[in-house]
Structure formats: C-alpha cells, structure tokens
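We did not get these values from a lab; they are worked out from the coordinates using the rules stated. Everything numeric here is computed off the predicted structure, so don't read it as measured data. Glycine also receives a Cβ, built like all others from the backbone with ideal geometry; neighbour counts cover every protein chain displayed.
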Amino acid sequence: MSDFADEFYEDDDQPEPRKDPVRTRLKQLEKQNAELLKQIEQANEAQKKLTFMEAGINVSDPKFKYFVKGYDGEYSADAIRQAAEEAQLIAPQGQVPQEDRAAWSQSNRIAAGAESAPEGPSWAKRINDAGSEAELMAIFAEAQAQGIELG
C-alpha cells in the first residue's frame, strides 16, 4: 500500500503552471506601451532637432551642443532664434544696413551678368576737380595703370 501512496502523491509535488490569460495580455500590453513610449520619445527628439534647424542652429555643431541641451524655452523657431541671438551664438537677422544690402544686390547682379560694374567718376570730371598738379599727375598715372590713354 505504501507504493500506491508514493506514486499517487508524487505528482502533487510539482505545481501546475497556471495560465492566466488576463496576466498574459497585461504583459503584452505593458510591452507594447513601453515600445510606444520609446517611439514617442524618439519622435519628440526628432521634432526638437527639426525646430532648432529651422531656427538656424546646427545641432551637430559642438558650438551649439550646450545651447541645444540646456534650452528650456518655447519650442518654436522664432523663440529659439531669439534666444540664440541673445546668447550671441548666431548673428541677428534682418539688421543688415541698407548700404550693405544695395552693395550685395549689385554684386549679385554683376555676378549673374546682368550689368557691368558701375564706372567711377568720369576722367574729365576728376581732371577738372583736381586741385593741384600732383593730383592731376596721380589721375594720369591711375589711367595709365588701367590702360586708358587720356592724352
């Protein structure tokens, strides 16, 4: 009789693995949630980099590394640009003097072949405005250096 009891109770020593479908589904959902949170974090990081790039900040430049990492203001291109200008990391935009704009515009037209460089004051005017013989000789020397015969 003891053999029968040993065989009968031997199977009871090992508990059966419980298959709880609710617990299994909960684990699946937790894993999906973790993956989705990771994707959201990556998307937020990509959006942040894009906003900095729109503001004119090169996020891969070591000069801007700490600015990008420490920026805690509004995440719009204008706000970031303004903060970078205040930190003197980038040059202020739209504050180019009118004379410089005209000079750049003219040089761009010349480079494009639209027109030639404007000539300086006419030689005759310069000769008439010369106040001394030394100035007159300098004007003639300049003309000769440029290959112009004023004779």
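Details
- Positions within the range 80-92 being within 14 Å of the chain's Cα centre (by Cα) and not in a helix (DSSP H, G or I), in sequence order: 89, 90, 91
- Looking across the range 64-79, just one residue is assigned to a helix (DSSP H, G or I), touching a helix residue (DSSP H, G or I) at 6+ places or on another chain (Cβ under 9 Å) and within 14 Å of residue 45 (Cα to Cα), and that is 68.
- Residue match in the range 19-42 (condition: in a loop (DSSP other than H, G, I, E, B) and either farther than 24 Å from residue 89 by Cα or within 38 Å of the chain's Cα centre (by Cα) (or both)): yes
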